[in-house]
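Undergrad: Here it is, the structure in full.
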Amino acid sequence: MKDNLEEFISQNREAFDAENPPLKAWYQIEKSLDKEAKKGRRVQLWKATRMAAAVVLLLVLGGIIGSILTKQSNGNELVAEQLEEIAPELSDMEFYYRQQLNPKLQQLAAYENVAPQIMQDLEENDLFIQELKQELLKAPKGTEEIVLNNIIKTYQIKLGILERVLEYLEASKIQNINQNEVEI
């Protein structure tokens with residue numbers, strides 16, 4: 001069959017070459033090719049625009065977040081400096097109580113069955129200390145000592161809560177061990 005086709009084409013070659021499509025057909029073909037090319041360029045342009053917008057958005061968000069974090073850290077440093085001027089003994093007192101609290105907090109973290117309410121109470125205690133520090137910044141001259149005493153009491157309360165909770169947990173642990181020994 002292939003030979004027949006080739007033979008037919010060779011014999012009628014001039015007839016095939018003599019026929020040209022109308023100019024209107026070529027115009028339509030070129031027009032559709034131009035549309036496809038323009039559409040392809042639009043798609044590429046749209047993709048590039050979206051990519052550029054995403055990059056700009058990420059840069060703007062990064063700048064905003066960086067600005068906020070810088071302001072917060074500068075604000076915290078400023079507050080610490082102001083507190084140091086008002087009550088220089090505050091930093092020593094906080095250092096002392098952190099030394100007392102940190103081992104107990106680590107001990108508490110070792111227990112798996114600590115009630116969430118206890119952790120929430122300790123966090124509320126920390127928030128109250130922060131509020132007292134803000135109050136210390138605004139306290140009228142001569143009343144700073146009252147606020148400092150309240151901060152000390154709040155640290156003592158937190159330490160007391162931790163000690164009682166740890167005593168209870170230790171007692172429960174010993175009781176469970178004794179019950180297990182009796183059952184064996």
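The values are calculated or read from the model by the stated rules, or taken from the named source; none is laboratory data. Computed from a predicted model, the values in this text were never measured in an experiment. Heads up, the Cβs are rebuilt from the backbone with ideal geometry, glycines too, and the neighbour counts pull from every protein chain shown. With ligands, DNA and RNA removed, areas are computed over all heavy atoms of the protein, side chains included. Shrake-Rupley method; radii C 1.70, N 1.55, O 1.52, S 1.80 Å.
Undergrad: Where the accessible area of the chain is counted over protein heavy atoms with a 1.4 Å probe, how much of it, in %, is carbon and sulfur? Could you put the intermediate results ahead of the total?
TA: Numbers: 8730 of 15010 Å².
Using a 1.4 Å probe with all protein chains present, the chain comes out at 58 percent carbon and sulfur.
Undergrad: Which of the lysines could be linked to LYS35 by a straight reach, that is with a Cα gap under 17 Å, when you skip same-chain ones fewer than 8 residues away?
TA: By straight Cα distance, LYS35 reaches LYS24.
Undergrad: Longest segment of the chain with no GluC sites (Glu not before Pro) in a DSSP loop having at most 15 other Cβ atoms within 10 Å?
TA: On the way: sites that count: GLU19, GLU112.
With a cap of 15 other Cβ atoms within 10 Å, the longest stretch comes to 20-111.
Undergrad: If R0 is 25 Å, what FRET efficiency do you get for GLN175 and GLU112 from their C-beta distance, rounded to 0.05?
TA: Details: r = 17 Å, r/R0 = 0.66.
Calculated transfer efficiency: 0.90.
Undergrad: Let me ask something else about it. Skip the ligands, DNA and RNA, and give the accessible area per residue of the chain with a 1.4 Å probe, whole Å². Let's see the in-between values first.
TA: Working: 15010 Å² over 184 residues.
Averaged over the residues of the chain, the accessible area is 82 Å².
Undergrad: If the cut-off is 12 Å between C-alpha atoms, which aspartates and glutamates fall inside it for LYS104, apart from same-chain ones fewer than 8 positions away?
TA: Leaving aside aspartates and glutamates fewer than 8 places away in the same chain, those within reach of LYS104 are GLU163, GLU167.
Undergrad: Also, quick follow-up: Given the Cα-Cα distance of LEU127 and ALA25 and 0.36 nm per residue of separation, how much length would full extension add, in nm? Write down the numbers at each step before the final one.
TA: Numbers: separation 102, 0.36 × 102 = 36.72 nm, distance 8.03 nm.
Between LEU127 and ALA25, full extension yields an extra 28.7 nm.
Undergrad: Using θ = phi - 60° and the Karplus curve 6.51 cos²θ - 1.76 cosθ + 1.60, what whole-Hz ³J(HN,Hα) does each residue of segment 92-103 get, with Gly and Pro shown as x?
TA: So the J values, rounded to whole Hz, are 5, 5, 5, 4, 4, 5, 5, 4, 6, 7, 4, x.
Undergrad: In 5 Å bins starting at 0, how do the alpha-carbon pair distances of the chain split up by percent?
TA: For the chain, the pair-distance distribution reads 1, 6, 8, 9, 7, 7, 7, 6, 5, 4, 4, 4, 3, 3, 3, 3, 3, 3, 3, 4, 4, 3, 1, 0.
Undergrad: What residues of segment 27-41 lie in the reach of a label at LYS47, counting those whose backbone N is under 13 Å from a point 7 Å from the Cα along Cα→Cβ?
TA: In segment 27-41, the label zone of LYS47 (backbone N under 13 Å from the point 7 Å along Cα→Cβ) covers 40-41.
Undergrad: Expected output is a single nm value to one decimal: the length gained when fully extending between GLU144 and VAL56, i.e. 0.36 nm times separation in residues minus the C-alpha distance. What is it? Working shown, then result.
TA: Working: separation 88, 0.36 × 88 = 31.68 nm, distance 4.87 nm.
Length gained, GLU144 through VAL56: 26.8 nm.
Undergrad: Follow-up question, since we're still on this one. So what is the calculated 222 nm ellipticity per residue for the chain, using -39500 (n - 2.57) for each DSSP H run with n of 4 or more, over all residues, to the nearest 500 deg cm²/dmol? Don't skip to the answer; put the middle values down first.
TA: On the way: 6 runs with 164 residues, N = 184.
Theoretical 222 nm ellipticity from helices: -32000 deg cm²/dmol.
Undergrad: Could you give me the ³J(HN,Hα) list for segment 140-151, computed from phi with Karplus coefficients 6.51, -1.76, 1.60 and θ = phi - 60°, whole Hz, x at Gly and Pro?
TA: For segment 140-151, the Karplus curve yields x, 3, x, 9, 4, 4, 5, 5, 4, 4, 5, 5 Hz.
Undergrad: Okay, moving on. Suppose the chain between LEU159 and GLN99 were pulled fully straight at 0.36 nm per residue; how much longer would it get relative to their current alpha carbon spacing?
TA: Values: separation 60, 0.36 × 60 = 21.60 nm, distance 1.08 nm.
The span from LEU159 to GLN99 would gain 20.5 nm if fully extended.
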